[in-house]
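The values are calculated or read from the model by the stated rules, or taken from the named source; none is laboratory data. Bear in mind that the values here come from a model prediction, so they are computed numbers and not experimental data. So basically every Cβ, Gly included, is an ideal-geometry build from the backbone, and we count neighbours across all protein chains shown. The protein model used for the area step is the full one, side chains on, heavy atoms only, and it has no ligands, DNA or RNA in it. Shrake-Rupley method; radii C 1.70, N 1.55, O 1.52, S 1.80 Å.
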Amino acid sequence: MTEKRVKKLLVTGAAGGIGRTIRTMLEPVAETLRLSDRAGLGEAAAHEEIIYCELTDKDAVEALVAGCDGIVHLGGQSVEADWQTVRDSNIEGLYNLYEAARIHQVKRILFASSNHVIGYYPQSQLLDAQTPPRPDGLYGVSKAFGEALASLYHDKFGIETAIVRIGSCFPEPVDHRMLATWLHAEDFVSLIECMFEASRLGCPIIYGVSDNDVVWWDNRQVAYLGWKPKHSSAIFKQILDEKMERPHKDAAVSVYQGGVFTEHPIMQRDEK
Ligand code: NAI
Ligand code: 15L
(Lines give C-alpha, C1' and ligand atoms only; values in the text may rest on other atoms or scores of the structure.)
(Ligands and ions follow the chains in the order given, each with its own letter.)
Protein backbone atom coordinates (compact mmCIF):
# COMPACT_ATOMS: atom_id res chain seq x y z
CA MET A 1 0.00 0.00 0.00
CA THR A 2 1.61 3.31 -1.00
CA GLU A 3 -0.73 6.08 0.18
CA LYS A 4 -2.66 5.30 3.33
CA ARG A 5 -6.32 5.33 2.42
CA VAL A 6 -7.51 5.46 6.03
CA LYS A 7 -6.54 8.46 8.13
CA LYS A 8 -7.77 7.23 11.50
CA LEU A 9 -8.68 3.55 11.86
CA LEU A 10 -10.62 2.48 14.95
CA VAL A 11 -9.87 -1.08 16.06
CA THR A 12 -12.25 -2.35 18.74
CA GLY A 13 -11.42 -5.48 20.74
CA ALA A 14 -7.77 -4.52 20.29
CA ALA A 15 -6.75 -6.25 23.55
CA GLY A 16 -8.08 -9.63 22.36
CA GLY A 17 -6.25 -12.49 20.66
CA ILE A 18 -6.62 -11.21 17.09
CA GLY A 19 -6.26 -7.55 18.09
CA ARG A 20 -2.94 -8.13 19.87
CA THR A 21 -1.63 -10.19 16.94
CA ILE A 22 -2.46 -7.72 14.17
CA ARG A 23 -1.76 -4.48 16.09
CA THR A 24 1.78 -4.02 14.77
CA MET A 25 0.84 -5.36 11.33
CA LEU A 26 -1.78 -2.64 10.78
CA GLU A 27 0.67 0.25 10.68
CA PRO A 28 0.70 0.37 6.83
CA VAL A 29 -3.11 0.54 6.65
CA ALA A 30 -3.81 3.85 8.41
CA GLU A 31 -2.01 7.01 9.45
CA THR A 32 -3.30 6.63 13.01
CA LEU A 33 -4.65 3.58 14.82
CA ARG A 34 -7.23 4.26 17.51
CA LEU A 35 -7.12 1.12 19.65
CA SER A 36 -10.00 0.40 21.96
CA ASP A 37 -11.12 -2.26 24.42
CA ARG A 38 -12.34 -2.53 27.98
CA ALA A 39 -9.25 -4.63 28.81
CA GLY A 40 -5.60 -3.54 29.03
CA LEU A 41 -3.93 -2.21 25.89
CA GLY A 42 -0.46 -1.26 27.19
CA GLU A 43 1.40 1.82 25.99
CA ALA A 44 0.50 3.66 22.78
CA ALA A 45 3.16 3.78 20.03
CA ALA A 46 3.72 7.03 18.12
CA HIS A 47 1.05 6.25 15.50
CA GLU A 48 -1.46 4.92 18.06
CA GLU A 49 -4.18 6.31 20.31
CA ILE A 50 -5.66 4.26 23.14
CA ILE A 51 -9.22 4.79 24.31
CA TYR A 52 -10.84 2.48 26.84
CA CYS A 53 -14.49 1.97 26.08
CA GLU A 54 -17.30 -0.34 27.15
CA LEU A 55 -19.33 -1.13 24.02
CA THR A 56 -22.62 -1.13 25.92
CA ASP A 57 -22.09 2.54 26.83
CA LYS A 58 -23.80 4.33 23.93
CA ASP A 59 -22.39 7.80 24.65
CA ALA A 60 -18.87 6.44 25.12
CA VAL A 61 -19.07 4.55 21.81
CA GLU A 62 -20.30 7.68 20.04
CA ALA A 63 -17.28 9.60 21.37
CA LEU A 64 -14.98 6.71 20.47
CA VAL A 65 -16.00 6.72 16.82
CA ALA A 66 -15.80 10.52 16.36
CA GLY A 67 -12.97 11.50 14.02
CA CYS A 68 -12.41 8.01 12.55
CA ASP A 69 -12.83 7.18 8.86
CA GLY A 70 -12.65 3.39 9.12
CA ILE A 71 -13.44 0.72 11.71
CA VAL A 72 -12.24 -2.84 12.26
CA HIS A 73 -14.76 -4.15 14.76
CA LEU A 74 -13.29 -7.09 16.67
CA GLY A 75 -14.74 -6.23 20.08
CA GLY A 76 -17.37 -8.47 21.60
CA GLN A 77 -18.13 -11.83 23.14
CA SER A 78 -16.10 -14.27 21.07
CA VAL A 79 -17.35 -17.69 22.17
CA GLU A 80 -20.63 -19.22 23.40
CA ALA A 81 -21.96 -17.75 26.65
CA ASP A 82 -25.20 -17.00 28.46
CA TRP A 83 -27.76 -14.79 26.72
CA GLN A 84 -27.14 -11.62 28.75
CA THR A 85 -23.40 -11.72 28.06
CA VAL A 86 -23.90 -12.32 24.34
CA ARG A 87 -26.68 -9.73 24.10
CA ASP A 88 -24.78 -6.96 25.92
CA SER A 89 -21.60 -7.04 23.83
CA ASN A 90 -22.76 -8.40 20.48
CA ILE A 91 -26.29 -7.00 20.10
CA GLU A 92 -26.37 -3.81 22.20
CA GLY A 93 -22.67 -3.08 21.64
CA LEU A 94 -22.90 -3.59 17.88
CA TYR A 95 -25.99 -1.43 17.58
CA ASN A 96 -24.15 1.34 19.46
CA LEU A 97 -21.23 1.02 17.06
CA TYR A 98 -23.34 1.28 13.88
CA GLU A 99 -25.33 4.19 15.30
CA ALA A 100 -22.07 5.98 16.10
CA ALA A 101 -20.81 5.23 12.58
CA ARG A 102 -24.00 6.70 11.11
CA ILE A 103 -23.83 9.84 13.27
CA HIS A 104 -20.13 10.41 12.48
CA GLN A 105 -20.42 9.36 8.83
CA VAL A 106 -17.89 6.55 8.93
CA LYS A 107 -18.31 4.91 5.55
CA ARG A 108 -16.40 1.63 5.83
CA ILE A 109 -16.38 -1.06 8.52
CA LEU A 110 -15.03 -4.58 8.91
CA PHE A 111 -17.38 -6.65 11.05
CA ALA A 112 -15.78 -9.73 12.59
CA SER A 113 -18.54 -12.26 12.06
CA SER A 114 -17.89 -15.95 12.61
CA ASN A 115 -18.14 -19.38 11.08
CA HIS A 116 -20.57 -20.10 13.93
CA VAL A 117 -23.21 -18.19 11.94
CA ILE A 118 -23.20 -21.22 9.66
CA GLY A 119 -22.04 -23.78 12.22
CA TYR A 120 -24.86 -26.29 11.74
CA TYR A 121 -24.08 -26.86 8.03
CA PRO A 122 -22.38 -30.18 7.43
CA GLN A 123 -18.69 -30.14 6.59
CA SER A 124 -19.58 -31.94 3.33
CA GLN A 125 -21.43 -28.85 2.00
CA LEU A 126 -19.60 -26.06 0.16
CA LEU A 127 -20.97 -22.67 1.27
CA ASP A 128 -20.73 -19.29 -0.41
CA ALA A 129 -21.77 -15.68 0.19
CA GLN A 130 -25.43 -16.49 -0.51
CA THR A 131 -25.62 -19.19 2.16
CA PRO A 132 -28.17 -18.20 4.82
CA PRO A 133 -27.30 -18.42 8.51
CA ARG A 134 -27.61 -21.70 10.35
CA PRO A 135 -26.16 -20.71 13.73
CA ASP A 136 -24.86 -23.24 16.21
CA GLY A 137 -25.57 -21.27 19.41
CA LEU A 138 -26.52 -17.88 20.86
CA TYR A 139 -23.09 -16.55 19.90
CA GLY A 140 -23.73 -17.55 16.27
CA VAL A 141 -27.19 -15.98 16.43
CA SER A 142 -25.64 -12.71 17.65
CA LYS A 143 -23.25 -12.73 14.68
CA ALA A 144 -26.24 -13.31 12.35
CA PHE A 145 -27.82 -10.22 13.95
CA GLY A 146 -24.59 -8.34 13.21
CA GLU A 147 -24.67 -9.41 9.56
CA ALA A 148 -28.29 -8.22 9.29
CA LEU A 149 -27.49 -4.91 11.01
CA ALA A 150 -24.57 -4.31 8.62
CA SER A 151 -26.91 -4.99 5.69
CA LEU A 152 -29.51 -2.53 7.06
CA TYR A 153 -26.97 0.27 7.53
CA HIS A 154 -25.68 -0.36 4.01
CA ASP A 155 -29.09 -0.22 2.35
CA LYS A 156 -30.42 2.68 4.44
CA PHE A 157 -27.31 4.83 4.94
CA GLY A 158 -24.70 3.60 2.43
CA ILE A 159 -22.26 2.43 5.10
CA GLU A 160 -20.15 -0.30 3.51
CA THR A 161 -19.21 -3.34 5.60
CA ALA A 162 -16.95 -6.29 4.92
CA ILE A 163 -18.81 -9.02 6.80
CA VAL A 164 -16.04 -11.50 7.51
CA ARG A 165 -17.13 -14.95 8.65
CA ILE A 166 -13.82 -15.71 10.32
CA GLY A 167 -12.85 -19.37 10.56
CA SER A 168 -10.14 -19.91 13.20
CA CYS A 169 -7.57 -17.11 13.48
CA PHE A 170 -4.87 -18.51 15.73
CA PRO A 171 -1.09 -18.95 15.39
CA GLU A 172 -1.69 -22.52 14.16
CA PRO A 173 -4.51 -25.06 13.81
CA VAL A 174 -5.01 -26.89 17.12
CA ASP A 175 -7.17 -29.75 15.79
CA HIS A 176 -8.09 -31.44 12.52
CA ARG A 177 -11.20 -29.29 11.98
CA MET A 178 -9.00 -26.20 11.86
CA LEU A 179 -7.18 -27.57 8.81
CA ALA A 180 -10.31 -26.31 6.99
CA THR A 181 -11.08 -23.21 9.06
CA TRP A 182 -7.62 -21.77 9.75
CA LEU A 183 -6.90 -18.12 8.97
CA HIS A 184 -3.34 -16.83 9.23
CA ALA A 185 -3.20 -13.34 10.78
CA GLU A 186 -1.22 -12.04 7.77
CA ASP A 187 -4.03 -13.14 5.46
CA PHE A 188 -6.52 -11.34 7.70
CA VAL A 189 -4.45 -8.16 7.51
CA SER A 190 -4.19 -8.41 3.71
CA LEU A 191 -7.99 -8.69 3.63
CA ILE A 192 -8.25 -5.52 5.73
CA GLU A 193 -5.94 -3.78 3.24
CA CYS A 194 -8.05 -4.98 0.28
CA MET A 195 -11.37 -3.89 1.78
CA PHE A 196 -10.13 -0.38 2.48
CA GLU A 197 -8.36 -0.13 -0.91
CA ALA A 198 -11.36 -1.27 -2.99
CA SER A 199 -13.08 1.51 -4.94
CA ARG A 200 -16.42 -0.18 -4.19
CA LEU A 201 -16.90 -2.53 -1.27
CA GLY A 202 -20.67 -2.92 -0.83
CA CYS A 203 -21.70 -5.22 1.98
CA PRO A 204 -20.29 -8.61 1.02
CA ILE A 205 -20.03 -11.77 3.07
CA ILE A 206 -16.43 -12.97 2.97
CA TYR A 207 -15.16 -16.21 4.48
CA GLY A 208 -12.08 -15.38 6.55
CA VAL A 209 -9.96 -18.39 5.74
CA SER A 210 -6.46 -19.01 4.39
CA ASP A 211 -5.64 -20.91 1.22
CA ASN A 212 -6.06 -24.31 2.91
CA ASP A 213 -6.19 -27.68 1.13
CA VAL A 214 -9.48 -28.62 2.84
CA VAL A 215 -12.13 -26.23 1.51
CA TRP A 216 -15.64 -25.65 2.93
CA TRP A 217 -16.14 -22.07 1.76
CA ASP A 218 -16.18 -20.48 -1.68
CA ASN A 219 -15.10 -16.82 -1.88
CA ARG A 220 -15.45 -16.44 -5.67
CA GLN A 221 -18.28 -13.91 -5.32
CA VAL A 222 -15.87 -11.48 -3.65
CA ALA A 223 -13.06 -11.97 -6.17
CA TYR A 224 -13.54 -8.28 -7.11
CA LEU A 225 -11.74 -7.36 -3.87
CA GLY A 226 -8.54 -8.93 -5.19
CA TRP A 227 -7.87 -10.71 -1.87
CA LYS A 228 -5.47 -13.63 -2.25
CA PRO A 229 -4.60 -15.44 1.00
CA LYS A 230 -1.00 -16.71 0.90
CA HIS A 231 -0.86 -19.15 3.78
CA SER A 232 -2.12 -22.73 4.07
CA SER A 233 -2.78 -25.03 7.01
CA ALA A 234 -1.38 -27.95 4.97
CA ILE A 235 2.03 -27.65 6.65
CA PHE A 236 0.42 -28.52 10.01
CA LYS A 237 -1.38 -31.69 8.88
CA GLN A 238 1.41 -34.14 9.65
CA ILE A 239 2.15 -32.51 13.01
CA LEU A 240 -1.53 -32.80 13.98
CA ASP A 241 -1.70 -36.43 12.77
CA GLU A 242 1.29 -37.25 14.98
CA LYS A 243 0.04 -35.25 17.96
CA MET A 244 -3.56 -36.49 18.14
CA GLU A 245 -5.92 -39.10 16.78
CA ARG A 246 -8.44 -37.98 14.19
CA PRO A 247 -11.83 -37.61 15.92
CA HIS A 248 -14.50 -40.25 15.16
CA LYS A 249 -16.31 -39.56 11.88
CA ASP A 250 -19.65 -39.22 13.71
CA ALA A 251 -18.37 -36.76 16.35
CA ALA A 252 -19.74 -33.22 16.10
CA VAL A 253 -16.26 -31.91 15.40
CA SER A 254 -16.13 -34.14 12.28
CA VAL A 255 -19.72 -33.59 11.13
CA TYR A 256 -20.56 -29.90 11.55
CA GLN A 257 -18.69 -26.83 10.32
CA GLY A 258 -19.06 -25.28 13.79
CA GLY A 259 -17.65 -28.40 15.44
CA VAL A 260 -18.14 -28.68 19.20
CA PHE A 261 -20.09 -25.41 19.35
CA THR A 262 -23.09 -27.47 18.18
CA GLU A 263 -22.85 -29.42 21.44
CA HIS A 264 -23.01 -26.46 23.82
CA PRO A 265 -26.20 -26.16 25.85
CA ILE A 266 -28.10 -22.88 26.12
CA MET A 267 -25.99 -21.56 28.96
CA GLN A 268 -27.45 -19.87 32.00
CA ARG A 269 -25.79 -16.85 33.58
CA ASP A 270 -24.04 -18.76 36.39
CA GLU A 271 -22.63 -21.63 34.29
CA LYS A 272 -20.30 -19.81 31.86
P1 NAI B 1 -11.15 -12.16 22.07
O2 NAI B 1 -12.20 -12.63 23.00
O3 NAI B 1 -9.75 -12.56 22.33
O4 NAI B 1 -11.19 -10.56 22.00
C5 NAI B 1 -12.40 -9.82 22.07
C6 NAI B 1 -12.12 -8.53 22.78
O7 NAI B 1 -13.35 -7.80 22.87
C8 NAI B 1 -11.59 -8.71 24.22
O9 NAI B 1 -10.36 -8.07 24.38
C10 NAI B 1 -12.68 -8.12 25.10
O11 NAI B 1 -12.16 -7.43 26.23
C12 NAI B 1 -13.39 -7.17 24.13
N13 NAI B 1 -14.78 -6.98 24.53
C14 NAI B 1 -15.75 -7.92 24.70
N15 NAI B 1 -16.89 -7.36 25.08
C16 NAI B 1 -16.66 -6.01 25.17
C17 NAI B 1 -17.45 -4.91 25.54
N18 NAI B 1 -18.72 -5.07 25.91
N19 NAI B 1 -16.88 -3.69 25.53
C20 NAI B 1 -15.59 -3.52 25.18
N21 NAI B 1 -14.78 -4.53 24.81
C22 NAI B 1 -15.32 -5.77 24.82
O23 NAI B 1 -11.59 -12.58 20.60
P24 NAI B 1 -10.68 -12.74 19.30
O25 NAI B 1 -10.35 -14.17 19.15
O26 NAI B 1 -9.61 -11.73 19.29
O27 NAI B 1 -11.76 -12.39 18.16
C28 NAI B 1 -11.99 -11.07 17.74
C29 NAI B 1 -13.34 -11.01 17.03
O30 NAI B 1 -13.33 -11.92 15.95
C31 NAI B 1 -14.52 -11.38 17.93
O32 NAI B 1 -15.61 -10.54 17.60
C33 NAI B 1 -14.82 -12.82 17.54
O34 NAI B 1 -16.19 -13.12 17.72
C35 NAI B 1 -14.42 -12.81 16.08
N36 NAI B 1 -13.99 -14.15 15.64
C37 NAI B 1 -12.79 -14.65 16.05
C38 NAI B 1 -12.35 -15.89 15.61
C39 NAI B 1 -11.02 -16.44 15.96
O40 NAI B 1 -10.67 -17.48 15.41
N41 NAI B 1 -10.22 -15.81 16.82
C42 NAI B 1 -13.21 -16.72 14.74
C43 NAI B 1 -14.47 -16.09 14.39
C44 NAI B 1 -14.82 -14.85 14.81
C1 15L C 1 -14.97 -18.35 16.80
O2 15L C 1 -15.94 -17.69 16.42
C3 15L C 1 -14.28 -18.00 18.06
O4 15L C 1 -14.22 -16.61 18.26
C5 15L C 1 -12.89 -18.59 18.16
O6 15L C 1 -12.45 -18.51 19.52
C7 15L C 1 -12.88 -20.03 17.68
O8 15L C 1 -13.69 -20.82 18.51
C9 15L C 1 -13.38 -20.08 16.25
O10 15L C 1 -14.67 -19.49 16.14
C11 15L C 1 -13.45 -21.50 15.69
O12 15L C 1 -14.53 -21.91 15.26
O13 15L C 1 -12.41 -22.16 15.66
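Things to note:
Listed here are the residues, each with its yes/no results for (1) in contact with a strand residue (DSSP E or B) (Cβ under 8 Å, 6 or more places away or on another chain); (2) more than 17 Å from LEU74 (Cα to Cα); (3) not in a strand (DSSP E or B).
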| residue | (1), (2), (3) |
| --- | --- |
| GLU3 | no, yes, yes |
| ILE18 | yes, no, yes |
| THR21 | no, no, yes |
| GLU31 | yes, yes, no |
| SER36 | yes, no, no |
| ALA39 | no, no, yes |
| GLU49 | yes, no, no |
| THR56 | no, no, yes |
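- Only residues that are out of contact with any helix residue (DSSP H, G or I) (no Cβ under 9 Å at 6 or more places or on another chain), among the aliphatic types (A, V, I, L, M) and more than 14 Å from ligand 1 (Cβ to nearest atom) were counted across region 3-48, and they come to 2.
- Residue in region 75-84 that is open to solvent by less than 30 Å² (accessible area, probe 1.4 Å), more than 9 Å from ligand 1 (Cβ to nearest atom), of a type in the set (Phe, Trp, Tyr) and over 17 Å from the mean Cα position of the chain (by Cα) present: no
- Within region 123-146, the set of residues being more than 12 Å from ligand 2 (Cβ to nearest atom) and basic (Lys, Arg) comprises ARG134 only.
- When residues of region 1-43 are limited to those that are of a type in the set (S, T, N, Q) and surrounded by 21 or more Cβ atoms within 10 Å (Cβ to Cβ), the one farthest from LEU97 (Cα to Cα): SER36
- Scanning region 44-74 for residues that are under 18 Å from LYS107 (Cβ atoms) and open to solvent by 40 Å² or more (accessible area, probe 1.4 Å) turns up GLU62, GLY67, ASP69.
- Taken together, the residues in region 105-130 that are in a loop (DSSP other than H, G, I, E, B), under 19 Å from the mean Cα position of the chain (by Cα) and small (Gly, Ala, Ser) amount to 2.
- Among the candidates ARG269, ARG246, residue that is open to solvent by 100 Å² or more (accessible area, probe 1.4 Å) and either within 30 Å of ALA148 (Cα to Cα) or touching a Gly at 6+ places or on another chain (Cβ under 6 Å) (or both): ARG269
- Yes/no for SER168 being within 13 Å of ligand 1 (Cβ to nearest atom) and out of contact with any Asp or Glu (no Cβ under 8 Å at 6 or more places or on another chain): yes
- Close pairs from region 188-216: first farther than 18 Å from GLU3 by Cβ and of a type in the set (S, T, N, Q), partner assigned to a strand (DSSP E or B) and at pLDDT 95 or above, Cβ under 7 Å, at least 6 apart: SER210/TRP182; ASN212/TRP182
- Here is the figure for region 65-99: residues that are within 13 Å of SER36 (Cα to Cα), in contact with a helix residue (DSSP H, G or I) (Cβ under 7 Å, 6 or more places away or on another chain) and not small (Gly, Ala, Ser) total 6.
- If you go through region 4-16 and keep only what is within 16 Å of ligand 2 (Cβ to nearest atom) and either without any contact (Cβ under 8 Å) to a residue 12 or more places away in the chain or farther than 20 Å from THR161 by Cβ (or both), you end up with just ALA15.
- Neighbours by Cβ (under 8 Å, 6+ apart or cross-chain): first from region 17-33, within 15 Å of ligand 2 (Cβ to nearest atom); second in a helix (DSSP H, G or I): ILE18/ALA185; ILE18/PHE188; THR21/ALA185; ILE22/ALA185; ILE22/PHE188; ILE22/VAL189; ILE22/ILE192
- In region 85-130, of all residues being open to solvent by 30 Å² or more (accessible area, probe 1.4 Å) and aliphatic (A, V, I, L, M), the one that is nearest to ligand 1 (Cβ to nearest atom) corresponds to ILE91.
- Residues being within 24 Å of SER190 (Cβ to Cβ), within 16 Å of ligand 2 (Cβ to nearest atom) and open to solvent by 10 Å² or more (accessible area, probe 1.4 Å) - total across region 147-177: 9
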